[in-house]
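Asks: Mind having a look at this structure? Questions to follow.
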Amino acid sequence: MKDYRSYSFWLDDSGDDLAPRPALEGPADVDVAIVGAGYTGLWTAYYLAKADPHLRIAVVEKEIAGFGASGRNGGWVSPFFATPLAKLAESHGRDAAARMQREMFFTVDEIGRVCEAEGIDARFHKGGSLWLSTSPAQTPRVKAVLDAQRAFGFGDEDWVWLERREALARVRAEGCLGGLFSRRYASVHPARLARGLADVVERMGVRIYERTPALAAGPGGVDTPAGRLKAAAVILATEAYTVQLPGHARDVVPIYDFMIATAPLPAAFWDEVGWRGREVLSDGRYLLIYAQRTADDRIAIGGTAAPYYFGSRISERFERPRALFERIHDALRMLFPAVTGAPITHRWGGVLGATRDWHTCAAFDPASGFGWAGGYVGDGVATANLAGRTLTDLILRRDSDLVRLPWVGHRSKRWEPEPLRWIAATGVRVVMGHADTVELGTGRAVRWKPALDKIEEIVGW
Ligand SMILES: Cc1cc2nc3c(=O)[nH]c(=O)nc-3n(C[C@H](O)[C@H](O)[C@H](O)COP(=O)(O)OP(=O)(O)OC[C@H]3O[C@@H](n4cnc5c(N)ncnc54)[C@H](O)[C@@H]3O)c2cc1C
């Protein structure tokens, strides 16, 4: 059997023996079948069971609950919706885009509320976010985020620019030139959230069948090695892994992301660095880094290294790239030279999903009873909760404010066949990586901007 603890620091530290629940043993019949026990599947099960305790709900999971990105991520509970507000405004109007943002703000708090109400020890902490500028070229990029939010009416109570001295008072990061603070963000222990949520929904009567791969899923049911799970409503909650199901190979591209975690750091380190608010932390480089100070005083930091493997392959072989771990470690040492020498206890990777137009989506077709949510492009911790609430309303045919949000029912076109898919997914990463190298070395990188813009124009994002 797999050593599930080895897949991330969070799974290792989940306080759970990770013993798989029983698999589905034979054909069955339910009202709602959900494929995938990550946040999307589990939140959908949670809100459905809350809304109607009599519904027969089953979740089939290829491995164990929280095995995918939900048990491996950076733990940023981020109100950032992956599709830019300006793009939502173009298609649905300014008010709809602002409603989306407000719902995302609410969603962060909703996760904290459910953890509290259900006794999930997910270490939810609403410490806000700090997005630093660590090179002159980064400052306008970080400030552009503020401008974009201001354009939709979000003000100082949501986002505020901190001058260098104010930013350093929060976190003494090397090279800090200032930063953007938002009180809207929180952090969690990702695997404790996923595992805790699985226990809660199980107690509510939802059946979770682990080590039960869906071989195919579509209207009317899910095929598994044990037989068919018939259902009036079927939800695909497999994010990046969706590409492995027949008929879905080009729905998203699976993109890899990697993280490392230090051992708990001593009080002397924290005296030097501060970071008492435990804000989630990033800077303005193109290939994003994201960090949190964990509840047990480690730093867990990841980098959007974003490798894509030809043919949308997903394999555990891709989860241990030494050079990329070293790059993340370099970024950590660059921000906090005092961390040098601290042991790195865990290194891991996971996959996330991006649709062709980078548009996140929750959709359900009432005629066929088939639905899907995902394409979160690395911002799924909060958005998957919103997906769960939205899919619940769609499945139960409730005409709520949620089902009228602009991401609902969005249809992205499919990704191109190879090799075009590989060229698009890899080209952006290579240019961004070079841009960061130049910027962080010399602060000259503005000249990369036209190249990035050109690629985005060709690809059509
Ligand atoms: C390294 C990393 C860092 C990240 N950091 C952040 C962050 O800080 N903040 C943020 O907002 N987002 C972050 N993300 C993204 C976030 O984790 C995801 O968007 C979110 O977890 C997606 O949840 P999900 O339930 O849709 O998918 P997943 O958690 O991937 O769950 C899908 C589940 O489906 C199962 N499955 C797959 N195929 C089948 C099948 N055929 N049959 C049955 N089951 C199947 C998988 O085993 C898995 O458990 C990060 C992602 C990664 C990889």
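Asks: Enumerate the calculated ³J(HN,Hα) couplings along the range 234-239 in order (Karplus 6.51 cos²θ - 1.76 cosθ + 1.60, θ = phi - 60°), each rounded to whole Hz, writing x wherever the residue is Gly or Pro.
Replies: 10, 10, 8, 10, 10, 5
Asks: Decide, for the range 173-280, between rounded, prolate and oblate: order the square roots of the alpha carbon gyration tensor eigenvalues as a ≥ b ≥ c, take rounded if a/c falls under 1.5, and otherwise choose prolate if a/b is larger than b/c, else oblate.
Replies: prolate
Asks: Excluding ligands and nucleic acids, what accessible area in Å² is computed for residue 296 using a 1.4 Å probe, to the nearest 10?
Replies: The accessible area comes out at roughly 60 Å².
Asks: In addition: Quick one: if the Förster radius is 25 Å, what FRET efficiency do residue 267 and residue 316 give, using the C-beta to C-beta distance and rounding to 0.05?
Replies: Computed FRET efficiency for residue 267 and residue 316 comes out at 0.10.
Asks: Roughly what angle does helix 39-51 make with the longest principal axis of the chain, taking Cα atoms, 0 to 90 degrees, to the nearest 10?
Replies: In the chain, helix 39-51 runs at an angle near 50 degrees to the longest axis.
Asks: Further question: If I model a spin label at residue 232 and residue 422 as a point 7 Å from the Cα along the Cα→Cβ vector, what separation in nanometres do I get?
Replies: Rounded to a tenth, the inter-label distance reads 4.7 nm.
Asks: How large a share of the accessible area of the chain, in percent, is made up of carbon and sulfur atoms when the probe is 1.4 Å and the other protein chains stay in place?
Replies: 54
Asks: For the range 19-26, what does the Karplus curve 6.51 cos²θ - 1.76 cosθ + 1.60, with θ = phi - 60°, yield as ³J(HN,Hα) per residue in whole Hz, taken in order and with x for Gly and Pro?
Replies: Using θ = phi - 60°, the values come out as 5, x, 6, x, 7, 5, 9, x Hz.
Asks: Considering the options 227, 216, 237, tell which one lies farthest towards the positive end of the dipole of the range 194-245, charges being +1 on Lys and Arg and -1 on Asp and Glu at the Cβ, about the Cα centre.
Replies: Comparing the listed Cα positions along the dipole, 227 ranks first.
Asks: Further, regarding this structure: Any idea what the relative contact order of the range 320-390 is, in percent, if you count C-alpha pairs under 8 Å spaced at least 6 apart?
Replies: In percent, rounded to a whole number, it is 22.
Asks: What's the angle, to the nearest 10 degrees (0 to 90), between helix 448-459's Cα axis and the longest principal axis of the chain?
Replies: That works out to roughly 20 degrees.
Asks: Of the beta bridges DSSP finds with both residues in the chain, what % are antiparallel, to the nearest 5?
Replies: Once the DSSP bridges in the chain are tallied, antiparallel ones form about 70 percent.
Asks: Any idea of the accessible area per residue across the range 1-56, 1.4 Å probe, to the nearest Å²?
Replies: Using a 1.4 Å probe on heavy atoms only, each residue of the range 1-56 averages 41 Å².
Asks: I need the shape label for the range 254-311. Rule: rounded when a/c is under 1.5, else prolate if a/b > b/c, else oblate, with a, b, c from the alpha carbon gyration tensor.
Replies: Because a/c hits 1.5 or more and a/b exceeds b/c, the range 254-311 counts as prolate.
Asks: Whole Å is fine, so just give me how far the alpha carbon centre of the range 61-75 lies from that of the range 129-159.
Replies: Centre-to-centre distance over Cα atoms comes out at 31 Å.
Asks: On to the next question. How large is ³J(HN,Hα) for each residue in the range 242-249, as worked out from phi by the Karplus curve 6.51 cos²θ - 1.76 cosθ + 1.60 (θ = phi - 60°), to whole Hz, x for Gly and Pro?
Replies: Coupling constants for the range 242-249: 3, 5, 7, 8, x, x, 10, 4 Hz.
Asks: Please arrange 334, 1, 259, 204 by accessible surface area, largest first, computed with a 1.4 Å probe and ligands excluded.
Replies: Highest to lowest solvent-accessible surface, that is 1, 334, 204, 259.
Asks: To continue, here is another question. Checking the a/c ratio against 1.5 first, then a/b against b/c, what shape does the Cα gyration tensor give for the range 1-114?
Replies: In terms of gyration-tensor shape, oblate.
Asks: Convex hull volume of the Cα atoms in the range 284-421, per residue, in Å³?
Replies: Considering the Cα atoms of the range 284-421, their hull volume per residue is 166 Å³.
Asks: Continuing with the same structure: Compute the helix-to-body angle for 190-203: its Cα long axis versus the longest principal axis of the chain, expressed 0 to 90° and rounded to tens.
Replies: Value to nearest ten degrees: 20.
The values are calculated or read from the model by the stated rules, or taken from the named source; none is laboratory data. What you see is a predicted model, and the numbers here were worked out from it, not measured in a lab. Cβ atoms come from the backbone with ideal geometry, glycine included; neighbour counts cover every protein chain shown. In case anyone asks, the SASA skips ligands and DNA or RNA and just uses the protein heavy atoms, side chains included. Shrake-Rupley method; radii C 1.70, N 1.55, O 1.52, S 1.80 Å.
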